[in-house]
1. I need the full set of residues from the range 443-469 which are among the acidic types (Asp, Glu) and surrounded by 15 or more Cβ atoms within 10 Å (Cβ to Cβ), in order please.
2. Among the residues of the range 597-641, which ones are in a loop (DSSP other than H, G, I, E, B), under 30 Å from residue 374 (Cβ atoms) and either at pLDDT below 75 or in contact with a Ser or Thr (Cβ under 8 Å, 6 or more places away or on another chain) (or both)?
3. Among the residues of the range 139-159, are any of a type in the set (S, T, N, Q) and at pLDDT below 90?
4. Taking the range 470-529 on its own, how many of its residues are farther than 21 Å from residue 200 by Cα and surrounded by fewer than 18 Cβ atoms within 10 Å (Cβ to Cβ)?
5. Search the range 679-699 for residues that are basic (Lys, Arg) and pair each with any residue that is outside any helix (DSSP H, G or I) when their beta-carbon atoms are under 7 Å apart and the residues are at least 6 apart or on different chains.
6. Quick one: residue 219 ticks every box in (1) among the charged types (D, E, K, R); (2) modelled with pLDDT of 85 or more; (3) over 31 Å from the mean Cα position of the chain (by Cα) except a single one, so which number is it?
7. Considering only residues that are surrounded by fewer than 15 Cβ atoms within 10 Å (Cβ to Cβ) and under 20 Å from residue 373 (Cβ atoms), which ones fall in the range 300-318?
8. For residue 461, work out the one condition from (1) over 30 Å from residue 632 (Cα atoms); (2) in contact with a Gly (Cβ under 9 Å, 6 or more places away or on another chain) it doesn't fulfil.
Amino acid sequence: MDRKRRKSSTVCLTRRRSFNAINFIFTSCVLIMAVQLASSNFTARINKISADLHKALGVALEHDGPNYTDLYENVTYHSVDLFNPKGMSGLYNITNMFMNVLISKEIYPEGFIKVVNGHLELGSFQEQWQTLLTHYAALISVLIILLIFGVLMPICGLCFCCCRCCGKCGARSKPFDKKGDLCRKICLASLLIIAGTLMLFGVVCAFVSNQHMQDGTNELSGNLKVAVKDADIFIDATENQINMLFSTNYKEFENLLFLTLDTCSSIVLDQLREYSNATALTEVVNIVNGLDGIKSNLTFMRGVTKYLRQQADDLRNGLEKVKTNLLHILMECESTLSPCSELYSNYIQQLHVEIDYNNLPDITKELDQLSSVLDSGIKDTVQQGQQAFDSIKDEINRTIGSEIPKVKRAVKQAGKEIAAGSSNVTATLTKVKSVLHDYVDSPLSDVDVILKKYSPYRYYIGLGVSCALLLITLCITLGLICGVCGKRPDAYSDDCCNKGAGSRFLMIAVGIMFMFAIVFVIVTVAHFFLGILSQRLVCDTLRDPDDNQVVKLVDDVLNLKQTIGLDVNISWVLNSCNQNYSAYNVFQLQGQYDLNEVVNYIDKFEINKTLNELTNQIHANTQIEILSPEAKQDLQDLVSSGIANINYDKFIDELTNNLTSADLNFLATKLDELVVIVQEKLPNNLELAKQLTKCARNLRRLQQDFIVPMTKKAKESIEVALNLKKSLNFGKDSFEEAINDLIEELEAAQSYLQVNGSKTMTEIATDFGYGVERQVRTYLYRVVNNTKDKVGTCGPLSAGLNSTLIATCDKILLPWNGFWFSLMWCLLLFIPTIILSVKLATLYQKYEPYPGPLVEAEYLYDAYADRDNIPLNSNVSDKRSKQKNKKKHKRYERGSYGPDAGNEHGIPREMPSGSHYQDARYADMAPKHWDEFPAGGPPQYQRAPTEYERPPPYYYPGTEQQ
């Protein structure tokens, strides 16, 4: 049961679909037939015009306004927005990180500085000293450490110098290395190399930073002037854009609008002509006006036909005579000369006139009928319809003549208001420019003078400090080179680069560090304080103005609203310029010139009202006759005249063919060649040559007198025939069809105007008013949108500010901070460098290497202690002997055991390098009493310039132990 139901429902659905498809096909066929049977031309055209009416009217009115002059000028700015650190970016980054550790970007504790009545007031130091101390704790700590370091270094250096003068602090050492001295030398030299390398890095950074700082200082004045110049260019360009928008563009808009109003009647009439399909009237008028031209062309073709017929007959007769003469002449010589026979058979026998111009159509009848139509007054009858249609335009002009001036006055009032607003804006920009120069020009000149006068002093101070640090580094480097690569010091060697020289170089570096540390600290502290202050007050403020304390203070102190009348603050100006906002938004000019009011000018100045009054006055009588019965009959007579039935193709085909079967000039050339042959081979037959020459001359005359002008006339006639054939059809299959279609369209247009003309004119007038209003609104919105978004975009001003920051913060302040950081870096390395240098210098002073455990044992006891090494005549209690022994002891402090070293334990004494132990076997025991004589010896004795008191032999350990 369910299956039957489903089957029946499926059958019903299929039948319903089939019925719907049949209905659709039938309806489509009916519509197609209706369209074909209806007045197809007029219906299709009127539908198309109805659909495109608003578009056509928009084109006529130029709804989007004229082609406005572009606001943007080709302005060139000179600001540089790129900074090249020249390889010092690492130092600058480290310096900035160090400054961020020392002090935050908040310059002062919140609430310490306030603005009261436009003046800065500081808080109480007594009440807020703890807050200030906490805020600046790291900065103060660094300053105190640097100052303490600078004060203590000379004092420590003085104490160290006194200690060295007393023979302590490494001034004197044992002449031989101890067991671990070699390892100490290697370790201390390695550490000193590291310290010296780090100091050299600081020295190089100091030199480069100082030079970059001076280069930036020298370029500062020029860079600032470029930035100010770019600011002037920006303000001037903005003023030009405003003038272009509010003045030039307004003139362009006003001219177009007034032209539209003045041609209101023509625009309405053209739209009415398009809408009613009365354009056929224009085509008919153009056809009728072109009948004179058609008649003149046909007259020309008839004249050419008659001319060609006459000329063709004359050409045929002349050519027959020449042909007959040539045949007779050539028959005489063909038996004797083969060229005569060839010319006779190939050319002369076939020579004749190809065209029979009697076959050209005779157009006299058509021309007479066309003249009859023109004489009947077809022009006047058609012009009457044109004049009747044009009378609508005159009537519209009369009705709207009093309304158009009202619209113009309303638009001019709005234009004056716009011009006044633009004057306010340009005046404000001029004021901004004036204030900018007031605040910048004088300080910029002073800065230029100050920099030129005093910046060299700072440069040379920095250069001197850098050179001093370089000298320290150089002494350390030379000390290390001599200490590592040089030989041991030797009294008998003249080697100046031994380890003793390295020791002295190191001590020179230590002395310079002690002496000039206070100078380095003073220069470092001065640069340190000014650099951090400038970085936080200027650079960080301008590059990050959001929630910046300095920006807030400047805003409160300057109060731009009172100064230049702008309700803005510096942070807003900087941020909006960085985002390339327009000048209207950057300077908040809505208080000076509210753009929202511009859009309401249409209502404010009653432009809408006057336009409505204007469109209400657009009306005229459309009960007109654009195609009278007489004009219709004349057009039908024009079709019956047969001018379109002329066989123009026959003209073209007949006139295209050549006039003769052979080129006459070519035949004349052949005859000239034959004359030469006859003169050579038949010199006795001169008459034959003369007759051939005469025939050649006749051929050339026929070519020049008949062929050339006839060919020219034929080409002209062909061109006329082609034009007539193409133009008389008017895009249709035939002239008759074109004229009949135009008659139908004119009758339909006339009927439409009489029935629906008034209604259509009202619609056109309404659209016209809307189009004029749209022109006004388009310009007003152009003013609003361009002023808000495009006029005076602040990107160039931001680029100028960035260029200024690059010239000051990047090219001067970054090297400035890098310079003091380099000095501080070197100062931190002074203490380890001094310690390492003093220890190494002490080790480099030793004359002998480590002697080994066996030899070292000899130093620890007296090898000859069992012998009597006391003089026989000495008296222990003798005062003189004590004094002598004391002097000898002093002489032998740097050498071996002296003669007074005769105790039983054999206590060792220092001795000069190269000497052996002071052996009692070689001592003269007899008292000499030389202390009573000058120079400590007998008369005429001169002390030798050496510290040795006895002749060799000395103990010499050998070169292998050096």
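1. Within the range 443-469, 448 is the sole residue that qualifies.
2. 624, 628, 641
3. For the range 139-159, residues of a type in the set (S, T, N, Q) and at pLDDT below 90: absent.
4. 11
5. Cβ pairs passing all conditions: 681/337.
6. The failed condition is (3).
7. 300 - this is the single residue of the range 300-318 that is surrounded by fewer than 15 Cβ atoms within 10 Å (Cβ to Cβ) and under 20 Å from residue 373 (Cβ atoms).
8. (2)
The values are calculated or read from the model by the stated rules, or taken from the named source; none is laboratory data. From a predicted model like this one, the values you see are computed outputs, not experimental measurements. Methodologically, a virtual Cβ is constructed for each residue, glycine included, from the backbone with ideal geometry; neighbour enumeration extends over all protein chains shown.
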